[in-house]
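To keep things clear, I will list the structure first and then write my remarks on it.
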């Protein structure tokens, strides 16, 4: 496959907007049924659903299942990064709000941009982008420090926020590995299968050892779990990794700053998440920083 990525076209823009909306809402859906099933176990089971659907898709399209004959070492690394990313998301959602998780998780483009800057010459950051990165990290500091100075903000929430930030770092690292290795030359379905197998196993093991296996099977839980498995773990992941193999990662990332906006909106509307002013200011700085980092790249021809 040619390593040259296409500029964003109408199809890529439409798909990215759809992904941002779906990803923005997923934390709220998990939290809505968290009393019936722990977030960690939810993500494990939705990964299993997605894994089965991806396998069926690969069989239908005649895509090889012989993962060991491809860049399997990179696949293992990406799978583990992905699995632990979602472990931190699941554990973080036990402590913090969906709105907070949406913001801290989607610092991922900052970590992607930093990684690509140091490893890929064509993805060097400009001076303006460094300003964006500085704003992003100032925003993170404001959100955290504001929480420490207000007794109304639980330290439990701050711990969940920190886990969300670690998840963002792992997501950014995953994108860098995908961009730098032979994984960007194999079918997107194969890469997605690597991810889902690892996520299912890592999170299931974590749920078992932390005694989070209790389930209350309600209609709401069944619908939420099915939607997560089909839409999030199958549809959105397959589309995302397909986009990464056809378009510049930095250009795609220019849209992800919209996701925390949708995430906060869903959290407030569906869960009545409270919005502390320090968090609002910090989140605004993070979102502006991410948009600045990715905007110059998205304008390059």
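Read-outs throughout are calculated quantities, based only on the coordinates presented, and are distinct from any laboratory measurement. Computed from a predicted model, the values in this text were never measured in an experiment. Neighbour counts run over all protein chains shown; Cβ positions are idealised from the backbone, glycine included.
Tell me whether the stretch 86-104 contains one or more residues that are surrounded by fewer than 21 Cβ atoms within 10 Å (Cβ to Cβ), over 13 Å from the mean Cα position of the chain (by Cα) and within 30 Å of residue 274 (Cβ to Cβ). Steps first, please.
Residues of the stretch 86-104 that are surrounded by fewer than 21 Cβ atoms within 10 Å (Cβ to Cβ), as a first pass: 94-95.
Within this subset, residues satisfying the condition of being over 13 Å from the mean Cα position of the chain (by Cα) are 94-95.
Applying the additional criterion that residues be within 30 Å of residue 274 (Cβ to Cβ) yields 94-95.
Yes: one or more hits.
Against the numbered list (1) under 22 Å from residue 244 (Cβ atoms); (2) touching a residue at least 12 places away in the same chain (Cβ under 8 Å); (3) surrounded by fewer than 24 Cβ atoms within 10 Å (Cβ to Cβ); (4) over 14 Å from the mean Cα position of the chain (by Cα), residue 81 comes up short only at (4).
Condition check for residue 23 on (1) farther than 22 Å from residue 164 by Cα; (2) assigned to a helix (DSSP H, G or I): one failure, at (1).
Summed over the stretch 105-114, residues that are within 12 Å of the chain's Cα centre (by Cα) and farther than 16 Å from residue 177 by Cβ total 3.
For the stretch 154-186, residues that are free of Cβ contacts under 8 Å to residues at least 24 places away in the same chain and crowded, with 23+ Cβ neighbours inside 10 Å total 0.
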